[in-house]
Every structure is written in C-alpha cells, then in structure tokens.
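Notes follow the structure.
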Amino acid sequence: LYSLDIEYDFDTVTFASSTGYTERTTFDRQDTSIVPMLFFGTSPGQIGGPAQIAGPLDNDTEYEQFTQEFRLTSNHSGNLSWLVGAYYFDLDKKFSQGGTIPGLDDWLGGLTDLLGTPDVPFESLTTQNLEQMALFGEATWEFATDWMFTVGARWFDVEQDFLQVANGLINGGPSTQGGEASETGVNPRFSLSHQASESTLFYATASKGYRVG
C-alpha cells in the first residue's frame, strides 16, 4: 500500500492532491470434497467403498489499483465557500480457480483429459478492468445568520470489462465469455441547514449516489 497526500495554501484557495496505489495477491485452498462426491459418487479405486473423494479448490487473486484525486477549496472569509475537484480510479484484477484430483482421469477412462486437463475437473481464469473518472463541485451560501444552503454535483464516467476462460469436465469442456459496460451520469446534492445553537443543528439533505455494478 502506498499513499501520498500534498496540500498547499494559496492566498484564497487550498490545493490538495491524494494519490494511492495498491498491489495485493491472495491464495486460499477450500475443501470442496462434497462437489466431486456429488458428481462422481465415489473416489478413484474405491468403487463400492466409502463415498469419499478429495476435492481441493485453489483460488488465486491478484489485483492492482491506482487512485488520484485533486481538489481546490476556497479559504477566504465571506458568506460563500466552494470546492471543485477531479477523481480517477483504475483497477486490474486477475482471478483463477482450479483443483487437481489425482487418479480421476484413469478412473473415468480419460474423460477429464477429453474435456480439459487430466485429473482437473474444473479450472478458470477471469481478468477484469475497471476505470472510473469523475468531476465534482460544491458551493455553500450563508444567506442569513446561522442559515446555509449547499448545492453540489458529481459527474462520473465508468467503463469496465471482463473475460473468463474456463475448462474441465464439470464446466462441460472449454468455454469463453466476456463483456463490457459503461455508464455516465450526474449525481446532484442539495442541503439546507440552520445552526439553532452552539450544540444544535437542523438540516435537510437530498442527494443521489452511485455504486459500480
């Protein structure tokens, strides 16, 4: 994890930059013995014996993420304050799954080799990219003593794509599927607040949010 924050005060505005970079790899092995048992009924070499068959599933995940945000904020006195900014996000992700069951191909007469890799009933590799950009701004007006009105908006543009390649007996042989999606929109925000006392604030806010699908 790496991050860098920079802030500089000019006469009437403050400039801020926030940069982040993340690299992460994870590995886990799951005991999914129940799955091959349901598919094949018993283990290789144990026909008529206990219905047990080893079924490990390995999950490998790698992702690389970069974020950058710039902001300009007013710092002058007066009844009007504002901020504007820009945001960028990029994510590359790779996810693979697979598990080997020694002796499975011999027991099934070469079926796993015919529909994939010998002794591997399922394997897949999925790659994904997500890119997001946004511009945002907000202004607050103190139109009367202890009364403030805020209006803001955020424009965003999101593009993402994925590709999955899978193989194996349980998958029904080799398959490839992929897709891409994009979305652009504007999220507004309005707020009215009243500072009734030093410890009491009344406010009403209406805003629209967004999360990537």
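The values are calculated or read from the model by the stated rules, or taken from the named source; none is laboratory data. Being a predicted model, the structure only gives us computed values, none of them experimental. Note that we place each Cβ from the backbone using ideal geometry, even for glycine, and neighbour counts take in every protein chain shown. Only protein heavy atoms, including side chains, enter the accessible area calculation; ligands, DNA and RNA are left aside. Shrake-Rupley method; radii C 1.70, N 1.55, O 1.52, S 1.80 Å.
Mind sorting out which of (1) 16.3, 48; (2) 27.7, 86; (3) 18.0, 51 is the real Rg and Dmax of the Cα atoms in Å computed from the coordinates?
(2)
May I ask you to give the percent of accessible area on the stretch 150-213 that is carbon plus sulfur, with a probe radius of 1.4 Å?
52
Between residue 32 and residue 92, how many nm apart are label points set 7 Å from Cα along the C-beta direction?
Modelled inter-label distance: 2.7 nm.
With every protein chain present, what is the per residue accessible area of the chain (1.4 Å probe, Å²)? Could you put the intermediate results ahead of the total?
On the way: 13550 Å² over 213 residues.
Normalised by residue count, the accessible surface of the chain is 64 Å².
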